[in-house]
Amino acid sequence: MFFVYLLASKPYGTLYVGVTSDLLRRISEHKNKLVPGFTNKYGVDRLVWYEVHEDREAAIRREKQIKEWKRDWKIELIEKENLEWRDLSDLIV
């Protein structure tokens, strides 16, 4: 399984889109500042949206698609399922 995910620094804050095969590990890396670069620099560690893909190539295509989207479209995607911008990382088991 592969995951495409969106992180935010806060509601309506800085956004980041990524892809991983281990969502729990990857979110933990972001939260513990183990990932150098953009998310660490801007404090982007709140999991606000994700979707599951069976196929790695499909997940990568979806990530690239979302990266090309306008910011408003990403916000709509988040709010469609997470209107309160809750951190969903506690819900992943």
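The values are calculated or read from the model by the stated rules, or taken from the named source; none is laboratory data. On a predicted model such as this, the values are computed, not experimentally measured, just so you know. Cβ sites come from the backbone with ideal geometry, for glycine too, and all protein chains shown count toward neighbours. Heavy atoms of the whole protein, side chains included, go into the accessibility calculation; ligands, DNA and RNA do not. Shrake-Rupley method; radii C 1.70, N 1.55, O 1.52, S 1.80 Å.
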Can you tell me which residues in the range 49-58 are exposed (fewer than 14 other Cβ atoms within 10 Å of the Cβ) and closer than 14 Å to residue 26 by Cβ?
52
Filtered residues of the range 77-93 (kept if exposed (fewer than 15 other Cβ atoms within 10 Å of the Cβ) and out of contact with any Pro (no Cβ under 9 Å at 6 or more places or on another chain)):
80, 81, 83, 86, 90, 91, 92, 93
Looking across the range 8-27 at residues that are farther than 14 Å from residue 91 by Cβ and part of a helix (DSSP H, G or I), the single one that is least open to solvent (accessible area, probe 1.4 Å) is 26
State all residues of the range 49-71 that are more than 14 Å from residue 17 (Cα to Cα) and either in a helix (DSSP H, G or I) or of a type in the set (S, T, N, Q) (or both); if no residue qualifies, say none.
56, 57, 58
Any idea which of 33, 74 is of a type in the set (Lys, Arg) and either crowded, with 16+ Cβ neighbours inside 10 Å or modelled with pLDDT of 95 or more (or both)?
74
Could you tell me whether any residue of the range 38-48 is open to solvent by 60 Å² or more (accessible area, probe 1.4 Å), part of a loop (DSSP other than H, G, I, E, B) and among the hydroxyl-bearing types (Ser, Thr, Tyr)?
no
Could you check residue 20 against (1) at positive phi; (2) hydroxyl-bearing (Ser, Thr, Tyr); (3) under 13 Å from the mean Cα position of the chain (by Cα) and say which number it fails?
(1)
Would you mind stating whether residue 5 is assigned to a strand (DSSP E or B), open to solvent by 50 Å² or more (accessible area, probe 1.4 Å), in contact with a Leu (Cβ under 9 Å, 6 or more places away or on another chain) and under 24 Å from residue 84 (Cα atoms)?
no
